[in-house]
Amino acid sequence: MAKKAEERYLIAQDAGGSMTDCFLVDKDGSFSTGKFLTHHENESISYLGALEDAARRWGMTSAQIHQATLSSTYTGTAMVNTLVTRSGSKVGLLITRGFAHLPIMERGLTWIGQSYEDILHQQLHEHTPWMVQPENIKEVTERISVGSYYMEHHYFPGTVVIPLVEADVVKGVNELLDAGVEVIGILTLASYANPVHERRISEIAKEMVRQRGLDIPVVASHEMCSVPNENERLKTLLIQCYVAEVARRKYFGVEDSARKEGYQHELLTLLAYGAAASIRYQKLAEAAVSGPTGGLLGCKFISDFLGIPNVVGWDLGCTTCDVGLIAGGLLPVKKEPEFSGHRLRMPMIAIDSIGAGSSHVIHADPVTKRITIGPESVRADLGTMYKSDQITIGDIDLTMRFINPDYYLGGTIKVNRDRALHELTERVAKPLGQDVYDVSSKILDLLHARVADHINGVLLSRGLNPAEFTLVVYGAAGPTHLWGVARAIEFGAVVVVPWAAVFSAFGVSGADYFHRYDKAVTFFLTPQMPKEIKLYQGGVLSQAWQEMEERGYAELEAEGIPRKDVTFRHGISCRYIGQMSAWEVPVEVARVQSLEDLDKVIGAFEKNYTSIYPAGARYPESGYQITEVYVEAIAKKPKPIIPSYPLRGKKPSKKAYKGQRDVFFDGKWMTFDLWEQDLLEAGNRINGPAIIEHTMTTFLIPAENYIEVDKYKFMWYRKK
């Protein structure tokens, strides 16, 4: 019998709209990176292509890597693409009688995802396409109480007011199965207070599906999120029903391609709140926005590694511009995130995105003389320099000679500067009556202003000062356009890591393996409240945590992880009574058995609140309200190690110097020094004007700036 290869590698991939990035890690902490154009029709092609690119740098093949890989984590755009192309599953829905309109009316949130200008124009608002057709919505008679502020005059929360009429369930399921639905969703209005009716409906539906010999998933809303806000809970349920199984099949295709090369384990993916999980995970809809999540996880890794508590993560790629914050060392989590025009009710790391990137299309109106960027992107077609007939930001970068046409993805992709220059001249410069290089500079000014406004908006809307934050720059286009953004915003520090072009994949590799569970609670703590009432409410927190721990044990055991290898993190969402928003914070206690334990829970909120806002903004006199609790069930998973290098002095070696190139910059042609990034050493200093080239990105440094390479080969962008 052949000896099994030593498992020494971690594979992490992020399949974006244009490029699939690979971050490959050895057990000793060394790593290699790879890129490949995303193949949307068959993502296994780009998965293998990106891994092959990374493996080649070590003189290996993707098959050799797979045969010795401990873990492979893959994130992609499968769910977004499914929603955009309207290619999801045929969904049937069982819902509380009287609420069949919910999936159609969707609270009138027709403005989600629109620009500020479009929000002001009602005629531009549109409902998102339905994920379930009206004829496949079946009503079921039942009602459970959710409680009231006037408890002495109302049913206790979770009380059955109208018993479930099971004949409605049987009739509805039969009609849905006759209609050929592929997934059945269940939502009762008060399942977060008492899921007894949803569980019974699910039992009936599963038995009827089994009797017909069908393989149709049945999903109940309390399994997705046991929280109030039935509209958002319904949208979360429908996302799971409509896109999760379609995405899962694509992930299975990627897993099959890996196993054919010798991979022995389950493929993992990244959930929107930062956890790695099996692609067989029940709530796969939680992986809806996994790529940008990986980027902010990478920022958290760097924040902890360098001991920098305040970080702005800025990702400028081909399709989107993503901005995330780490304040006081904590990852922010949205409880009601917006995804592809839908408002959901599930935890998602807070990332603010706009349409901006190197593949965004440029429009020039010869009548109004107006230039606009986007909103559409040509994605992997890149621009007129490659396969597209649309002019993009990437065409400008190439025309102005920021980018070496012979070194695009290390020379593996042949781009055409002459064509880009010709199209820019004929379709933009001449109609506007301007010089092609001058108008290109103005277009970049528009891009940089838009990105800077976005970053400023994210910070200033929260009352935060950019000078107190370190900007971590990543994405293939981030280092190329850093100079324009850094001129507009004064950050405390700016850093670019050597693997910036695949930074989101790096974040994916560093993700913990865990599942997360949230539960709504009703908890008020006021200064005058008797001790007995405080402890009673503390018991409610303890019970909720215990219930979620048991669910975590069960689900991780189903994925092959024994109970002894599972640990837990606990947390709350809390606010001062009267505030509109709650803040999520981790807590050190897992059970509230004394007033001292309760003080620790509240103290965790106070510590987090004062790390973001001035101490004078505290208002403990009003009391506290805990709206939700959560538990994270964690299993061990290997992570990358960032190596340290000996400092070699400020002067780079001659072998890193690649000569000079004339670049159109700041309205004139200037001569820039050229350097090869992989040949720079720790301690080196590169003075602008200079361009640092890498097979996956280009780092442009103006004359007034320089970069210092630290002992980790991080490049710190500074003013002279």
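The values are calculated or read from the model by the stated rules, or taken from the named source; none is laboratory data. Computed from a predicted model, the values in this text were never measured in an experiment. Heads up, the Cβs are rebuilt from the backbone with ideal geometry, glycines too, and the neighbour counts pull from every protein chain shown. The accessibility values were calculated without ligands, DNA or RNA, using every heavy atom of the protein model including side chains. Shrake-Rupley method; radii C 1.70, N 1.55, O 1.52, S 1.80 Å.
If you go through region 495-532 and keep only what is out of contact with any Asp or Glu (no Cβ under 9 Å at 6 or more places or on another chain), open to solvent by 10 Å² or more (accessible area, probe 1.4 Å) and aliphatic (A, V, I, L, M), you end up with LEU525, MET529. Take the conditions open to solvent by 20 Å² or more (accessible area, probe 1.4 Å), under 16 Å from the mean Cα position of the chain (by Cα) and at pLDDT 90 or above and apply them to PHE301. Does it pass? It is true that PHE301 is open to solvent by 20 Å² or more (accessible area, probe 1.4 Å), under 16 Å from the mean Cα position of the chain (by Cα) and at pLDDT 90 or above. Do we have any residue at all in region 196-215 that's open to solvent by less than 50 Å² (accessible area, probe 1.4 Å) and assigned to a loop (DSSP other than H, G, I, E, B)? No, that holds for no residue. Screening VAL227 on (1) of a type in the set (Val, Ile, Thr); (2) over 18 Å from the mean Cα position of the chain (by Cα); (3) at pLDDT 90 or above shows it passes everything except condition (3).
When TYR609, TYR613 are checked against the criterion of being more than 30 Å from ASP678 (Cα to Cα), aromatic (Phe, Trp, Tyr) and open to solvent by 30 Å² or more (accessible area, probe 1.4 Å), a single residue qualifies: TYR613. Only a single criterion out of (1) of a type in the set (S, T, N, Q); (2) exposed (fewer than 14 other Cβ atoms within 10 Å of the Cβ); (3) modelled with pLDDT of 95 or more is not satisfied by THR188, namely (2).
Please indicate, with yes or no, whether at least one residue in region 475-491 is in a helix (DSSP H, G or I) and in contact with a Lys or Arg (Cβ under 8 Å, 6 or more places away or on another chain). Looking for residues that are in a helix (DSSP H, G or I) and in contact with a Lys or Arg (Cβ under 8 Å, 6 or more places away or on another chain), one finds none in region 475-491, hence no. With region 333-446 as the region, which strands (runs of 3 or more DSSP E) entirely inside it contain at least 3 residues that are more than 30 Å from THR627 (Cα to Cα) and open to solvent by 60 Å² or more (accessible area, probe 1.4 Å)? Ranges flagged: 370-377. Of all residues in region 48-87, those that are of a type outside the set (Val, Ile, Thr), within 21 Å of TYR242 (Cβ to Cβ) and without any contact (Cβ under 8 Å) to a residue 24 or more places away in the chain total 0. Restricted to region 220-239, and to residues there that are outside any helix (DSSP H, G or I) and of a type outside the set (S, T, N, Q), the residue that is surrounded by the most Cβ atoms within 10 Å (Cβ to Cβ) is CYS225. Considered as a group, the residues in region 306-332 that are of a type in the set (S, T, N, Q) and at pLDDT below 85 include one that is least open to solvent (accessible area, probe 1.4 Å), and that residue is THR319. If the condition is being without any contact (Cβ under 8 Å) to a residue 40 or more places away in the chain and within 29 Å of the chain's Cα centre (by Cα), then region 591-613 contributes ALA604, PHE605, GLU606, LYS607, TYR609, THR610. With respect to the stated conditions, ILE279 fails to be within 23 Å of VAL183 (Cα to Cα), in contact with a His (Cβ under 7 Å, 6 or more places away or on another chain) and among the β-branched types (Val, Ile, Thr). Name the residues in region 272-282 that are over 10 Å from the mean Cα position of the chain (by Cα) and open to solvent by 10 Å² or more (accessible area, probe 1.4 Å), would you? Of everything in region 272-282, those that are over 10 Å from the mean Cα position of the chain (by Cα) and open to solvent by 10 Å² or more (accessible area, probe 1.4 Å) turn out to be ARG280, GLN282. Of note, GLU596 does not satisfy the criterion of being surrounded by 15 or more Cβ atoms within 10 Å (Cβ to Cβ), among the charged types (D, E, K, R) and not in a loop (DSSP other than H, G, I, E, B). Applying the criterion of being touching a Pro at 6+ places or on another chain (Cβ under 9 Å) and part of a strand (DSSP E or B) to the residues of region 492-516, the residue that is nearest to ARG569 (Cα to Cα) is ARG516. In the set (1) farther than 26 Å from HIS454 by Cβ; (2) loosely packed, with under 11 Cβ neighbours inside 10 Å; (3) modelled with pLDDT under 80, GLU135 fails one condition alone, (3).
Here THR269 meets each of (1) under 16 Å from the mean Cα position of the chain (by Cα); (2) not in a strand (DSSP E or B) with one exception, condition (2).
Yes/no per residue for (1) open to solvent by 30 Å² or more (accessible area, probe 1.4 Å); (2) under 21 Å from the mean Cα position of the chain (by Cα):
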{"position": "GLY16", "(1), (2)": "no, yes"}
{"position": "PHE31", "(1), (2)": "yes, no"}
{"position": "HIS40", "(1), (2)": "yes, yes"}
{"position": "GLY59", "(1), (2)": "yes, no"}
{"position": "LEU83", "(1), (2)": "no, yes"}
{"position": "SER89", "(1), (2)": "no, no"}
{"position": "GLU106", "(1), (2)": "no, no"}
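On the stretch given as region 447-474, residues that are in contact (Cβ under 8 Å) with a residue 24 or more places away in the chain and either among the aliphatic types (A, V, I, L, M) or in a loop (DSSP other than H, G, I, E, B) (or both) total 15. Residues of region 552-587 that are without any contact (Cβ under 8 Å) to a residue 40 or more places away in the chain, in a helix (DSSP H, G or I) and of a type outside the set (A, V, I, L, M): GLU557, ARG563, LYS564. Checking every residue in region 665-682 against the condition of being assigned to a loop (DSSP other than H, G, I, E, B), open to solvent by 20 Å² or more (accessible area, probe 1.4 Å) and touching a strand residue (DSSP E or B) at 6+ places or on another chain (Cβ under 6 Å) gives zero matches. Candidates are the residues of region 240-271 that are of a type in the set (D, E, K, R), in contact with a strand residue (DSSP E or B) (Cβ under 9 Å, 6 or more places away or on another chain) and at pLDDT below 95; the one that is least open to solvent (accessible area, probe 1.4 Å) is GLU245.
Taken residue by residue, region 542-557 has no member that is touching a strand residue (DSSP E or B) at 6+ places or on another chain (Cβ under 9 Å), on the phi > 0 side of the Ramachandran plot and open to solvent by 20 Å² or more (accessible area, probe 1.4 Å). Per the listing ILE691, ILE634, the residue uniquely farther than 30 Å from PRO347 by Cα, out of contact with any helix residue (DSSP H, G or I) (no Cβ under 7 Å at 6 or more places or on another chain) and not in a loop (DSSP other than H, G, I, E, B) is ILE691. When we screen ARG648, ARG718 for residues that are open to solvent by 40 Å² or more (accessible area, probe 1.4 Å) and over 34 Å from the mean Cα position of the chain (by Cα), the only hit is ARG648.
Regarding region 473-485, can at least one residue be identified that is of a type in the set (A, V, I, L, M), closer than 29 Å to SER611 by Cα, within 23 Å of the chain's Cα centre (by Cα) and surrounded by fewer than 19 Cβ atoms within 10 Å (Cβ to Cβ)? Within region 473-485, not a single residue is of a type in the set (A, V, I, L, M), closer than 29 Å to SER611 by Cα, within 23 Å of the chain's Cα centre (by Cα) and surrounded by fewer than 19 Cβ atoms within 10 Å (Cβ to Cβ). Looking only at residues that are in a strand (DSSP E or B) and of a type in the set (S, T, N, Q) in region 608-631, which one is farthest from SER542 (Cα to Cα)? My answer is GLN625.
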